[in-house]
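Data first, discussion second: the structure below is written as structure tokens.
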Amino acid sequence: MGQRYWVIGGHYADCRFRELEPGTEVIHGPYSDELKARTQWQRLTFRDRCAATERYSICVEPVLQ
């Protein structure tokens, strides 16, 4: 069994990070290895340090072969 990695996130309504602002959702992937996903996550997370309500996460999806 393999895994695929996705980077998801966007702009949230406030700093509680419970509700994404509609239309700002971002999905990148799938990536075949964690390093590629982490590199994309770092690029998105640190590109604009002034965006206090922007957040991204790496999600893992098991792939049945």
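Of the three principal axes defined by the Cα atoms of the chain, the extents in descending order read 40, 21, 18 Å.
Assuming charge only on the beta carbon of Lys and Arg (+1) and of Asp and Glu (-1), the dipole of segment 2-63 about its Cα centre is about 220 debye to the nearest 20.
Using only the alpha-carbon atoms, how far is helix 34-46 inclined from the longest principal axis of the chain? Give it as 0 to 90 degrees, nearest 10. Taking the Cα atoms of the chain, the angle to 34-46 is about 10 degrees.
Selection among 42, 59, 27 by position relative to the dipole of segment 2-63 gives 42 as farthest towards the positive end (Cβ unit charges, Cα centre). Taking every C-alpha pair closer than 8 Å and separated by at least 6 residues, the mean separation divided by the residue count of segment 2-63 gives a relative contact order of 51 percent.
Values in this text are rule-based calculations from the coordinates and carry no lab data. These numbers were taken from a predicted model, which means no experiment stands behind them. Ideal geometry is used to build each Cβ from the backbone, glycine not excepted, and the neighbour counts take in all protein chains shown.
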